[in-house]
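Chemist: Quick one: the structure is below, questions incoming.
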Amino acid sequence: MGTGGATSMAALGQALKASGTAMATVAMRRVDPATRGSLLDVLDQLGIRALPNTAGCFTARDAVLTARLGREALATDWVKLEVIGDDRSLLPDPVELLEAAEELVDDGFVVLAYTSDDPVVARRLEQLGCAAVMPLGSPIGSGLGIRNPHNIALIVQAASVPVVLDAGIGTASDATMAMELGCDAVLVASAVTRSPDPPAMALAMARGVEAGRLAHLAGRIPRRFHAEASSPWAGLAQLTPDA
Amino acid sequence: MVPECVERLEVSVNGRPELVAAGTTIAALVSTLTGQATGGRAVAVAVNSEVVPRSQWASTRLAQRDRVEVLSPAQGG
């Protein structure tokens, strides 16, 4: 889960607990003595690992520096890399993203790269050594779900690293769809934190992810243009005499 | 209040202009900012866009016009 958008630390804690997640992303921001420490305390109490991210960065330079600061602060090589190209859509800037990914991988980071649903960029990120690719379903916080399921399926098919659907999930069925498409996980923030009932939605997400994963592993039936009866034609009684 | 006989440095800390006594270390600055003598957990510092590791805070003194960013994890992401 992401930790942004919650109305209070208590509400966030309840939602995180209900979600059953093992990892939560955190942003790196200027120290504010008023709220210092409480977020990590909440994560520690729940046994949730903090994953620093580079949210708010528009350039590779800023993202690399932010990642290094996150590594310093949290003593982890893991980072969610996010480099934004436009402050209204919050869509990633692929040029800056690839540059930052390359530099961070070289510097020993375990890079989980937030990216668009473009399979070509996803492949390049993997080739650079990213530990996971995290394509968006739709813009951050938009709740528009998975706008291009075909592209997500293409990314999943080509990837040898985990694929995490990250951004745009609006409700539980979006998370289920992501898992049915073959994603290894989803990352959700706003759909939970901004829901009218965050813990309830967090639980729904957990169940949705589980359902989608089970369905994916079970294997779906193909889509047919016409019907295929599930009841046999053989053994039918003749209930109306021939004319 | 810093006495007149002590040289003061103009630096910026988290975007705010500050006057600090010459010789002030990063460690001292962070502990003042966080209200914790050891600086507190999960804090990272950059001076002029370079990370200064915690192990160097006590031995790194601020210089005139240094831009200091003191960050810690916050809700987001």
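The values are calculated or read from the model by the stated rules, or taken from the named source; none is laboratory data. Predicted model only: the values in this text are computed from it and were never measured. Cβ coordinates were reconstructed from backbone atoms using ideal geometry, including for glycine residues, and neighbour counts include every protein chain displayed. Only protein heavy atoms, including side chains, enter the accessible area calculation; ligands, DNA and RNA are left aside. Shrake-Rupley method; radii C 1.70, N 1.55, O 1.52, S 1.80 Å.
Chemist: Compute the longest continuous run of chain A that contains no exposed trypsin sites (Lys or Arg not before Pro); treat a site as exposed when its DSSP state is not H, G, I, E or B and it has at most 10 other Cβ atoms within 10 Å.
Modeler: With a cap of 10 other Cβ atoms within 10 Å, the longest stretch comes to A:89-219.
Chemist: Report the full-extension gain for the segment residue A:89 to residue A:107: residue separation times 0.36 nm, less the Cα-Cα distance, to one decimal in nm.
Modeler: 3.5 nm
Chemist: Considering just Cα atoms, how many Å³ per residue does the convex hull of segment A:58-181 enclose?
Modeler: It is 99 Å³ per residue.
Chemist: Viscosity 0.692 mPa s, temperature 37 °C: what is the translational diffusion coefficient of chain A from Stokes-Einstein with a Kirkwood Rh over Cα pairs, rounded to a whole number of µm²/s?
Modeler: In µm²/s, the coefficient is 171.
Chemist: Against the empirical 2.2 N^0.38 Å scaling, what ratio does the C-alpha Rg of segment A:145-192 come to?
Modeler: 1.04
Chemist: Right, another one. Rg and Dmax of segment A:92-148 over Cα atoms: what are they, in angstrom?
Modeler: When restricted to the Cα atoms of segment A:92-148, Rg and Dmax are 11.6, 35 Å.
Chemist: Now for a separate question. What Rg and what Dmax come out for segment A:154-243 when only alpha-carbon atoms are used, in angstroms?
Modeler: 20.3, 67
Chemist: Not counting ligands, DNA or RNA, and with a 1.4 Å probe, what is residue A:32's accessible surface area in Å² rounded to the nearest 10?
Modeler: So the heavy atoms of residue A:32 present about 70 Å² to solvent.
Chemist: Per 5 Å bin, what percent of the C-alpha pairs of chain B does each bin hold, from zero upward?
Modeler: 3, 15, 27, 27, 17, 7, 3, 1, 0, 0
Chemist: Something else now. Given R₀ = 56 Å, FRET efficiency for residue A:49-residue A:236 by Cβ-Cβ distance, to 0.05?
Modeler: That gives a FRET efficiency of 0.40.
Chemist: Over every pair of different alpha-carbon atoms in segment A:48-131, take the mean of 1/r and invert it; report that Kirkwood radius in Å.
Modeler: Evaluated over segment A:48-131, this radius sits at 12.4 Å.
Chemist: Same structure, new question: Debye calculation, C-alpha points only, no solvent: report log10 I(q)/I(0) for segment A:1-98 at q = 0.16 Å⁻¹, in the same order as the q values.
Modeler: -0.72
Chemist: Semi-axes of segment A:116-166's equivalent ellipsoid from the Cα gyration tensor, sqrt of 5 times each eigenvalue, largest first, rounded to whole Å?
Modeler: Listed largest to smallest, the semi-axes of segment A:116-166 are 19, 11, 8 Å.
Chemist: Order the following by accessible area, largest value first: A:195, A:173. Probe radius 1.4 Å; ligands, DNA and RNA are ignored.
Modeler: My answer, sorted largest first, is A:173, A:195.
Chemist: Based on alpha-carbon centroids, what's the gap between segment A:116-159 and segment A:67-100 in Å, whole number please?
Modeler: 15
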